[in-house]
Amino acid sequence: MEPNSHTKLFLEVSALLTGFSKTELKATGMLETYYNTIQKNTDKQDIDYFFLDVHVLLNDKSKKNIEAALASQFMAASAYNGLAKNIIILWYTGNWGNDVVSSASYIQGLMWNAAHTHPPGAKQPGYGSWAERPLTVKNS
Amino acid sequence: MENKLFQKNNPNRQKLIKPIADLDINEEVYSVATDNAFIADNELSVAPAITAKSAKGMSLKMSKRDVKNYIKDLKHLQDCLRTALKLELSTIPPYLCGLYTIKEGSNVEAAALIRSVVVEEMLHMVLVSNILNAITDPKTIKKGDKLFNVKEIIPNYPTPLPGGIVPEVPKGSPPFEVHLLKFSREALDEFSTIERPSDPKAPITKNFDSIGQFYEAIRYGLLRLNEEAKKTTKNGIFIGDPSRQITAEHYYGSGGKITKVVTYEDAEEAIGEIVGQGEGIDGTIATEQVLFGEDIEYAHYFKFQEICFGRMYSANDTNFQMPVKSIPTGKPFTVSWSSVYNMKANPKMKDYEKNPELLEKAKDFNKVYVQLLNGINDAVSGEPELLIKGITVMYELKYKALELLNIPLENGECAGPTFEYVEV
């Protein structure tokens, strides 16, 4: 395997797990931080098996429905010590478990984008915005 | 914050720019007419006389007489003001690229300085619109007409400065063009060149050598055409609909003073604000008054000099002697050229075609940009109360730009906002 294929797989699987595109995930600027976060907090064996199986899944041409396979094989709390679930929570909230990873991760949480709102205390939408439909809604 | 010295009712208040000597101008206009007649009559003998005349009083790059007579008629004046709008707008994306590429938490002083300049450039767009509205006969405006065309006003970077302004560049360099660059020495050089005051010793050409000189031509045009029109109508050329003016109540936030333009004097004040903020107050400033207090806003050129030198100007620095050579001697601050997003220079949507997701992000940014300009256009086209809605859009513009800057390209650079026109 090439040296940084884990980071590539992490991006691929994160896009599948979150429903945000790979470019959108990169645009948060959090990819590296989150990859390091799972490395630091997850058992090495779990990580290795997780990426091995993700790699197999993504390269299996016969699998028509990747999402269904993800749901059945990866989402159980017992699977890879709940890594898939943790990755979703990490991207959406910027938290690992109950701990916030960094101030940037709080700001970049996908939950704010998903709800067309902004993290309280950051990314202010500006004076008078409360009287308008969010721009992201208008433009989508 | 309010500096008493600049208040209108203070008799010692310094004029932002030197008032035009009214008599002088007519004389010059006549002299052109006579010169021309003379040349036709006796071309050979007069030619040296003209050269001598131009060489004597000329201190600007375009000769003073050319500047005075640059504006031909009202239509030309209105066209020039539209060009001025384009000019002001053309400076905003490069400044924003400089600002957005500074990484959070670094270059705090530099970011604050650039930000204050951007805010003032937006003010300048509004001031120019006010002047244009003030001299536009409401009867000539059709319903639904906009003051400018958003698609046409957006420049394609790199671009020369609109309005035939050709700033001097070091010998051997290509003609000056405005590029979209990350925060860097090159960018700061570019910013300083944009805002640099006219060099009194510069040789004479057919081009304006500074934004200030271009506005000088507009001022002379306003004055002359207004004086002419006043012979037949009371208000001269200032017959615009006052309800189209943007006033202080419509403009939210900091960055200079908004001037409602209904007379020539108002227009002169507005131009004074634009030129004064850009390159500083022409000539010298009275020495009796302390003008370099902490709460004085420095002109853009000097703000950029501060970043170049990593030092604020101090109260004792003299900066208004031409040509500008002054170096700031005040409080030092840290400038880090490395705590910066490595944005590709002059990014274009075309560069992103191979990556459809990235292209989509670039389009999203441009949509917000065009929405912002549409909003400003609506506000200056008879609905001034809409200006305030632009604030939300401006914030969104920044967040969209930062998203692009987080996306790495293959060569170690990162994507960036392209500031191009898209349909919304």
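Some points to look at:
- Residue match in the range B:348-355 (condition: over 26 Å from residue A:137 (Cβ atoms) and either in contact with a Leu (Cβ under 7 Å, 6 or more places away or on another chain) or within 10 Å of chain A (Cβ to nearest Cβ) (or both)): yes
- Lone unmet requirement of (1) under 24 Å from residue B:272 (Cα atoms); (2) touching a Pro at 6+ places or on another chain (Cβ under 9 Å) for residue B:155: (1)
- For the range B:61-72, residues that are closer than 12 Å to residue B:222 by Cβ and of a type in the set (Asp, Glu) total 0.
- Long-range neighbours under 6 Å by Cβ, at least six apart or interchain, first residue in the same structural domain as residue B:74 (by TED's automatic domain parsing) within the range B:221-246, second of a type in the set (Lys, Arg): B:236/B:230; B:245/B:260
- Of all residue pairs spaced 6 or more apart or on separate chains, those with beta-carbon atoms under 8 Å, a first member in the range B:376-400 that is within 11 Å of another protein chain (Cβ to nearest Cβ) and a second member that is assigned to a helix (DSSP H, G or I) and of a type in the set (S, T, N, Q) are B:391/A:129; B:392/A:129; B:393/B:371; B:395/A:129; B:396/A:136.
- Against the conditions (1) within 14 Å of chain A (Cβ to nearest Cβ); (2) surrounded by fewer than 17 Cβ atoms within 10 Å (Cβ to Cβ), residue B:203 satisfies every one except (1).
- The sole residue among B:47, B:84 that is among the small types (Gly, Ala, Ser) and modelled with pLDDT of 95 or more is B:84.
- The requirement of being closer than 23 Å to residue B:204 by Cα and either touching a Ser or Thr at 6+ places or on another chain (Cβ under 9 Å) or among the hydrophobic types (A, V, I, L, M, F, W, C) (or both) is satisfied by residue B:167.
- Checked against (1) modelled with pLDDT of 95 or more; (2) under 28 Å from residue B:75 (Cα atoms), residue B:184 passes all but condition (2).
- Residue in the range B:187-200 that is modelled with pLDDT under 90, exposed (fewer than 13 other Cβ atoms within 10 Å of the Cβ) and assigned by TED's automatic domain parsing to the domain that holds residue B:242 present: yes
- Extreme residue, farthest from residue B:72 (Cα to Cα), among residues of the range B:163-215 that are more than 17 Å from the chain's Cα centre (by Cα) and of a type in the set (Val, Ile, Thr): B:169
- Where a residue in the range A:15-41 is free of Cβ contacts under 8 Å to residues at least 24 places away in the same chain and its partner, wherever it lies, is aliphatic (A, V, I, L, M) and not in a helix (DSSP H, G or I), with Cβ under 8 Å and at least six apart: A:23/B:407; A:26/B:407; A:27/B:407
- Test: residue in the range B:354-374 that is among the hydroxyl-bearing types (Ser, Thr, Tyr) and either surrounded by fewer than 22 Cβ atoms within 10 Å (Cβ to Cβ) or in a loop (DSSP other than H, G, I, E, B) (or both): no
- Residue B:162 vs. criteria closer than 18 Å to residue B:76 by Cβ and touching a residue at least 60 places away in the same chain (Cβ under 8 Å): yes
So that you can scan it fast, the table gives a plain yes or no per residue for (1) basic (Lys, Arg); (2) at pLDDT below 95; (3) in the same structural domain as residue B:279 (by TED's automatic domain parsing):
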site	(1), (2), (3)
B:321	no, yes, no
B:331	yes, yes, no
B:367	yes, no, no
B:389	yes, yes, no
B:400	yes, no, no
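- Test: residue in the range A:32-40 that is in contact with a helix residue (DSSP H, G or I) (Cβ under 9 Å, 6 or more places away or on another chain), among the β-branched types (Val, Ile, Thr) and farther than 28 Å from residue B:356 by Cα: yes
- Output for the range B:129-162, where each listed residue is within 23 Å of residue B:374 (Cβ to Cβ) and either of a type in the set (Lys, Arg) or at pLDDT below 90 (or both): B:142, B:143, B:144, B:146, B:151
- Pair list, Cβ under 9 Å, 6 or more apart: the range B:143-157 residue at negative phi and touching a residue at least 24 places away in the same chain (Cβ under 8 Å), other residue of a type in the set (Gly, Ala, Ser) and part of a helix (DSSP H, G or I): B:147/B:129; B:148/B:129; B:153/B:90; B:154/B:90; B:155/B:90; B:157/B:90
- Among (1) crowded, with 21+ Cβ neighbours inside 10 Å; (2) farther than 24 Å from residue B:308 by Cα; (3) acidic (Asp, Glu), the one test that residue B:152 misses: (1)
- Helices (runs of 4 or more DSSP H) contained entirely in the range A:51-140, each with at least 3 residues that are away from chain B (no Cβ under 14 Å) and surrounded by 13 or more Cβ atoms within 10 Å (Cβ to Cβ): A:66-74, A:83-93
- Of all the numbered requirements in (1) in contact with a Phe, Trp or Tyr (Cβ under 9 Å, 6 or more places away or on another chain); (2) surrounded by fewer than 18 Cβ atoms within 10 Å (Cβ to Cβ), residue A:37 misses one, and that requirement is (2).
The values are calculated or read from the model by the stated rules, or taken from the named source; none is laboratory data. Because the structure is a prediction, the values reported are computed rather than measured. Note that each Cβ is placed from the backbone with ideal geometry, even for glycine, and that neighbours are counted across all protein chains shown.
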